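Notes for the one structure printed next.
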Amino acid sequence: MILALYCPDIAQNAGTTLRTGACLGVPVHIIEPAGFPVGAAAFRRAGMDYLDAALLVRHASFAAFEASRRAEGRRLVLFTTAGETRYTDFVFAPTDALLFGRESQGVPQEVHALADARVTIPLRPGLRSLNVAVSAAMGLGEALRQTGGFPPPVGSPVAPQG
């Protein structure tokens, strides 16, 4: 399983997502261009001292990410306010790529069209969206719950699932 951020606008959200990925053992892919210089300095405050444990993969463009995803045989699961399926009703696979759009604009229509699934986190009427780092944590948590992909409890003799 991987988390992917499409052209993120806010370094703190990307840093928080990297921290989530580090803690849960999930690589975070950043699809550029980002709205900030991608690097440890941009992520330091939100990522804190977890950045060394994070696996960050950078892609120069969506086309580069898409080529990598396809070569790895990953489904593209787009989290979007325009999704047809509640994320808790969707059946995740351990090899899915969970994609989250940019804070200001989501993803373009071409990316929507390439997604294998479009899922949504239901919100109260009249409210637009959650913070992207919160959405990523919620989506990843559900996907890991379904696939048994959470790391073992501290002190457990069980090795993490890949």
I want to confirm something. Restricting to the stretch 78-104 and keeping residues that are among the hydrophobic types (A, V, I, L, M, F, W, C) and surrounded by 19 or more Cβ atoms within 10 Å (Cβ to Cβ), which single residue is farthest from residue 14 (Cα to Cα)? 90
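Okay, residues lined up against (1) within 22 Å of residue 24 (Cβ to Cβ); (2) of a type outside the set (S, T, N, Q):
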site: 81; (1), (2): no, no
site: 86; (1), (2): yes, yes
site: 93; (1), (2): yes, yes
site: 107; (1), (2): no, yes
site: 117; (1), (2): yes, yes
site: 146; (1), (2): yes, no
Condition check for residue 65: within 14 Å of the chain's Cα centre (by Cα), surrounded by 12 or more Cβ atoms within 10 Å (Cβ to Cβ) and part of a helix (DSSP H, G or I): yes
Which listed residue is modelled with pLDDT of 95 or more, assigned to a loop (DSSP other than H, G, I, E, B) and of a type in the set (Val, Ile, Thr), from 91, 119: 91
Among the numbered conditions (1) among the hydrophobic types (A, V, I, L, M, F, W, C); (2) touching a residue at least 60 places away in the same chain (Cβ under 8 Å); (3) part of a loop (DSSP other than H, G, I, E, B); (4) buried (at least 19 other Cβ atoms within 10 Å of the Cβ), tell me where residue 137 comes up short. (3)
Which of the residues spanning the stretch 116-128 are over 15 Å from the mean Cα position of the chain (by Cα) and either at positive phi or surrounded by 15 or more Cβ atoms within 10 Å (Cβ to Cβ) (or both)? 126
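The values are calculated or read from the model by the stated rules, or taken from the named source; none is laboratory data. Owing to the predicted nature of the structure, the values given are computational and were not obtained by experimental measurement. Ideal geometry is used to build each Cβ from the backbone, glycine not excepted, and the neighbour counts take in all protein chains shown.
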